[in-house]
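The structure under discussion appears below in the form of structure tokens.
The values are calculated or read from the model by the stated rules, or taken from the named source; none is laboratory data. Everything quoted here is computed from the prediction, not taken from an experiment. Positions of Cβ are backbone-derived with ideal geometry, glycine not excepted, and every protein chain shown enters the neighbour counts.
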Amino acid sequence: MRSLRFLALPLLALGCALAGPVEAQTAVKRVNILVMSDDTDTDAVPRFNRIFNRVQARMMETLNLKGYQVYDETASGLEVAATNRVRRSEAELIEVARAVRVPIDAAVVYRIYASSRKSPSGAISRPEVRVEARVLNVRSGQFVTAFEAGGYQLPPLPVNCDRECLLERVGAEADLISADVASGVVERLTAFIGIPAPGAPPAMAVAAPGGGVPMSASGEACPPVLPTAYQIRLRDFQPEEVSQVEELLVRFACYESHRPTRVGGSVADYWYETRSDQARLMRNLRQMLDFMGVRGNITMGDNSGAVDIRKTVTR
């Protein structure tokens, strides 16, 4: 059998083209985002309220202008979920984000609190608005970041401000506050992903053991995107083949981490995190089987992240 050192060429060459500089604008375009409202709390502003509409539009616009790929929840989820539901649980939001046809990397889930409060003398009423948001890695469920703004003194409401007046005034303040929240989310999300600042020097690649094709060091030469989690499930492999597969998985470009979740006999399951996209991962897995001299079928499901590798067993 060929030595593992030979893997530098067939397996790592797929990712070495990314060893050069990666522009920040190009990097964020690799991140698909779904902006969603969490209105489970009955004190929060419900979905489809006029205030909600303004905040939703502002959040999406700010993320979009920063270069992220932002998808509309209603348009993306028409075929998989009822689009008129309100007071949805967080579990339902994540379920929808995983089910839409576009592969979503991150969900920006926000909540709006809006009310009015009278001054101690009762002569003046002021709106009170707070918008809080958090970002979740849709595939793995990992918490990424959170940001909130509001709670400071806002201009007073006009005398005899009716419901129409209240919706417009509070909506205008919520619009401004949500822009601050979206900007804060962008800054923290960008830092979490590791997108280089404009003018920053490119990440360096390190040489593979024994020389040869460069190998990424902890994903440094890979696109700065959210790590994606996969459940790689091996079936009908011999124990020595399972060990070899595990050795090869860690050598793929853009590898982040892995851990076995089930190992026994001819069955082995791994939780595998990588910054590689699905197409590159599938190519690497196919080349891995070719390198091992093993025939098998590789199937990848929907956005659940399940990858089944079943060895073809013959007599």
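Quick notes on this one:
- Qualifying residue in the stretch 138-159 (condition: over 23 Å from I94 (Cβ atoms), in a strand (DSSP E or B) and touching a residue at least 60 places away in the same chain (Cβ under 8 Å)): no
- Total residues in the stretch 279-312, condition in a helix (DSSP H, G or I) and closer than 19 Å to R98 by Cβ: 1
- The stretch 246-276, residues that are closer than 21 Å to N297 by Cβ, within 22 Å of the chain's Cα centre (by Cα) and acidic (D, E): none
- Selection count, the stretch 246-255, where residues are within 19 Å of V31 (Cα to Cα) and surrounded by fewer than 17 Cβ atoms within 10 Å (Cβ to Cβ): 0
- Scanning the stretch 54-79 for residues that are basic (K, R) and closer than 13 Å to E187 by Cα yields a total of 1.
- Selection status of R87, surrounded by fewer than 17 Cβ atoms within 10 Å (Cβ to Cβ) and free of Cβ contacts under 8 Å to residues at least 24 places away in the same chain: no
- On inspection, R98 does not qualify as out of contact with any Cys (no Cβ under 6 Å at 6 or more places or on another chain), surrounded by fewer than 20 Cβ atoms within 10 Å (Cβ to Cβ) and part of a loop (DSSP other than H, G, I, E, B).
- Yes/no for V181 being touching a residue at least 40 places away in the same chain (Cβ under 8 Å) and farther than 26 Å from E273 by Cα: yes
- Residue in the stretch 107-119 that is over 19 Å from A174 (Cβ atoms), within 24 Å of the chain's Cα centre (by Cα), crowded, with 18+ Cβ neighbours inside 10 Å and touching a residue at least 12 places away in the same chain (Cβ under 8 Å) present: yes
- Residues located in the stretch 104-120, provided they are charged (D, E, K, R) and either outside the structural domain of Y152 (by TED's automatic domain parsing) or part of a strand (DSSP E or B) (or both): R111, R117, K118
- For the stretch 27-76, the set of residues classified as among the hydroxyl-bearing types (S, T, Y), within 21 Å of R88 (Cβ to Cβ) and part of a loop (DSSP other than H, G, I, E, B) consists of T40, T42, listed by residue number.
- Test: residue in the stretch 210-221 that is closer than 27 Å to M300 by Cβ and at pLDDT 50 or above: yes
- Residue tally, condition of a type outside the set (V, I, T), over 28 Å from G141 (Cβ atoms) and surrounded by 14 or more Cβ atoms within 10 Å (Cβ to Cβ), over the stretch 265-314: 7
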